[in-house]
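**Student:** One structure, as structure tokens, below. Some questions next.
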Amino acid sequence: ITLKSCKKKDEKPAVSITATVDGTATSFNVNAAALHGTVQGITFTNIQGSTSGGAMLSMTLAGTVTAGKTYSDAAASQNDMPLFVYAPSPTSQDDYLNDDDDASNLPSVTITSVSSTTLDGTFKGLIQNSTGTKSITNGKFHVNIQTHQ
């Protein structure tokens with residue numbers, strides 16, 4: 001009897017930010033990253049990416065991100081609320097921001113995993129601009145962390 005084993009490669013998942021925006025599956029994988037930095041003594045993490053067509057999604061979180069934490073517009077403290085920005089095109093003059101009018105679908109970001117180099121999580125919620133609202137569902141991200149001082 002001969003036994004043979006293969007060594008399994010430890011492959012890292014590809015960097016990605018995906019979501020369903022108003023019913024359309026969308027990938028924000030162009031330049032997808034988590035930018036981590038400090039401004040006037042406050043730590044921020046910005047998870048951002050763009051589509052191949054130029055639409056951009058950004059989610060900013062205050063404080064140190066930790067696995068298991070959910071940032072939600074329902075939080076009592078401003079520091080525990082995410083800031084969503086969605087620009088439907090590179091020349092958009094009216095970006096979409098958090099919509100707090102519908103308590104059943106408030107913007108939220110849940111951090112599921114943090115390492116020294118990557119950040120994983122989920123997100124959802126309503127966003128609005130002067131023309132109306134968009135619903136973001138099924139949001140997921142796996143991004144590399146870039147630190148800026």
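Residue by residue, here is whether (1) in contact with a Leu (Cβ under 7 Å, 6 or more places away or on another chain); (2) free of Cβ contacts under 8 Å to residues at least 40 places away in the same chain; (3) among the polar types (S, T, N, Q) holds:
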residue	(1), (2), (3)
GLN78	no, yes, yes
TYR96	no, yes, no
ASN105	yes, yes, yes
PHE123	no, no, no
SER130	no, yes, yes
THR133	yes, yes, yes
VAL143	yes, no, no
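**Student:** Could you tell me which residue of segment 36-54 is surrounded by the most Cβ atoms within 10 Å (Cβ to Cβ), considering only residues that are within 19 Å of VAL15 (Cα to Cα) and under 14 Å from the mean Cα position of the chain (by Cα)?
**Tutor:** Only one residue tops the list, namely ILE47.
**Student:** May I pose another question? Restricting to segment 74-114, give me the number of residues that are within 20 Å of PHE44 (Cβ to Cβ), touching a strand residue (DSSP E or B) at 6+ places or on another chain (Cβ under 8 Å) and polar (S, T, N, Q).
**Tutor:** 7
**Student:** In segment 131-146, which residues are among the hydroxyl-bearing types (Ser, Thr, Tyr) and either at pLDDT 95 or above or within 16 Å of the chain's Cα centre (by Cα) (or both)?
**Tutor:** Correct list: THR133, SER135, THR137.
The values are calculated or read from the model by the stated rules, or taken from the named source; none is laboratory data. Note that the structure is predicted; figures quoted are calculated from it, not measured. Neighbour counts are summed over all protein chains in view; Cβ atoms, including those assigned to glycine, are modelled from backbone coordinates with ideal geometry.
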